[in-house]
Amino acid sequence: MLSTCITVAGSDCSGGAGIQADLKVFTAHSVYGMSAITAITSQNTIGVNGVHLIPAPFVEKQIDACMLDVKCNVMKTGMLFIPAILKVTLDMIDRYKLKTVVVDPLIATRKGVLLVLPGYLELFIKELIPRATILTPNIAEASILLKHMTQETIEIHHVDDVKTLGAKLIASGCKNIIIRCDGISFDNEFFVCKDSLTPSSWYVYVLCTSEVQLVIPQKWLSTKIAKGTSCALSSAIAANLANEMDVQTAVKRSVAYTQHALEYSFHLGRGANSLEYSSGYGCLPFEEGEFVGYFRNHPHLSQTWNFLFEHHFLQKFKNTTLAIDEFKKYLALKYHMLMNNAQAAGLTAFSSSNIAVIERSANIIQIIKEENVIHLQICKQYGLAPEQFVDRKPAFVNAHSSFINDVGQREGVLGIQVAMLPFSIILQDIFSKMDILDSGAFKPFVLHCKDSVTIEHINGLLRNLESEASTLVPEKIQQLLNILEQSISFEMAAFDITLDNETTIF
């Protein structure tokens, strides 16, 4: 059955926002859209020059006409303007037992100028917020709501301040809230850019629920100014909820949709751009567990990936054609490559002022430290003492160190995690699947790879990687693909050195 949604909002005769925008978004998401108009506006891409309110009883009549005929469980509200229309909307929510209500507050401009009277705001907070499944305020509206609900104010200097703002609104009675940081750009460390000299990197959305605080950064589009972005986000969320997504998934996909609509906006009139509302939008956020699979199945990398694992490693080990002395070289090289990863994570932590980045770096270092203890134990089982290789770095290791450090400086912790991905997958996909009885002289290493502690270390790295996947924009994914391709090349080089009898590293 086709999903349906009703929007209660004002009309934009130029088609860029309001009811017209909502219906375009619903259609783009394969949702049948209905509407109840609260006001007719005279506006275009330059601005609004007239508003004609629809009497509250007639707004009620519109909603009744839709709801009595077409089954609908989702309502999206936009500008309700006056207490009388707000009261009618509240009555309709209760009369038709609507469980899903998406509220775009539209109570203030991004500069904090109130668009409604105090009586409206009091009714909004007391009656509509408790009925709302999710609110979609801009940062100014969120601050105004918190001030009226708790008498608190929060200055925004870092994205963590936005998270605090959202958490306080949740504690004050909001079920879910996605805050749009309109007019605020963030740098690479997610501090607010205070002046034009600081490069702007991110436009940020922050989702807060009773269970999670999720930062969803999007590429800062300095040259893109368009009307209707709040309508696009809120109506996309309503459509995704109508399509039975959970709140978090609905929000992430709606942010991606809105970003695409803005990035591909176009110039029609003499003022703001018009959003691209069509359904053909690009990269959606990754769901949990999809990120690593995306890399492994990428058309450009899959052939190299399969060759690396199936030929360079699996066949050599399964057929025991790899001599023990050669394998010792491989173990020594892997020790140095692990150290390179740990050092790069440390440098990333040192160069960052973001505590979350420092924490993730520390987590990677701890995982490598624990793994390395086991790695050295394995080396001893093959008669390879640490003093034979710890202080001896071949040229290959120095080249790998430069690569990893460069990745850490350019792409931070996420880049380092991607660079470590081939080694992690080698352990998971190959050695851990070998039959112990057929592993011959490589039995100690195969047992190590099957050990639950080792597997947990690998899974810890992969979980860190997956947790950041939802923040990625297409350009970032391409950069990470390039890093992965280079890392695979180093992995293959390490094995080639292992098989090269002329190369001595002890």
Q.
surrounded by 16 or more Cβ atoms within 10 Å (Cβ to Cβ) and in contact with a helix residue (DSSP H, G or I) (Cβ under 6 Å, 6 or more places away or on another chain): is that true of A28 in this structure?
A. no
Q: Considering only region 340-380, state which residues are surrounded by 14 or more Cβ atoms within 10 Å (Cβ to Cβ) and of a type in the set (S, T, N, Q).
A: N340, N341, Q343, T348, S351, S352, N354, S361, N363, Q366, N372
Q.
Checking the conditions here, which among I178, I184 is surrounded by 16 or more Cβ atoms within 10 Å (Cβ to Cβ) and under 15 Å from the mean Cα position of the chain (by Cα)?
A. I178
Q: State whether one or more residues within region 64-81 are touching a helix residue (DSSP H, G or I) at 6+ places or on another chain (Cβ under 7 Å), surrounded by fewer than 14 Cβ atoms within 10 Å (Cβ to Cβ) and either under 12 Å from V8 (Cβ atoms) or not polar (S, T, N, Q) (or both).
A: no
Q. Being part of a loop (DSSP other than H, G, I, E, B) and closer than 21 Å to L115 by Cβ, is that true of even one residue in region 194-205?
A. no
Q) Quick one: what pairs do we get from region 325-345, first residue free of Cβ contacts under 8 Å to residues at least 40 places away in the same chain, second outside any helix (DSSP H, G or I) and among the hydrophobic types (A, V, I, L, M, F, W, C), C-beta under 9 Å, 6+ apart or different chains? A) M339/V390
Q: List the number of the failed condition for V357; all other conditions in (1) modelled with pLDDT under 85; (2) under 15 Å from A332 (Cβ atoms) hold.
A: (2)
**Q.** Hits in region 248-273 (condition: part of a helix (DSSP H, G or I) and of a type in the set (S, T, N, Q))
**A.** Q248, T249, S254, T258, Q259
**Q.** Count of region 475-506 residues which are touching a Lys or Arg at 6+ places or on another chain (Cβ under 9 Å) and at pLDDT below 75
**A.** 10
Q.
Take residues that are within 30 Å of the chain's Cα centre (by Cα) and in contact (Cβ under 8 Å) with a residue 12 or more places away in the chain and tell me which of the strands (runs of 3 or more DSSP E) falling wholly in region 1-79 contain 2 or more.
A. 4-12, 32-43, 74-77
Q) Can you spot a residue in region 170-185 that is part of a helix (DSSP H, G or I) and more than 25 Å from A242 (Cα to Cα)? A) yes
Q: Search region 101-153 for residues being out of contact with any Cys (no Cβ under 9 Å at 6 or more places or on another chain) and part of a strand (DSSP E or B), and hand back the single one that is modelled with the lowest pLDDT.
A: L114
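The values are calculated or read from the model by the stated rules, or taken from the named source; none is laboratory data. As the structure is a computational prediction, the values presented were derived from the model and not from experiment. Glycine also receives a Cβ, built like all others from the backbone with ideal geometry; neighbour counts cover every protein chain displayed.
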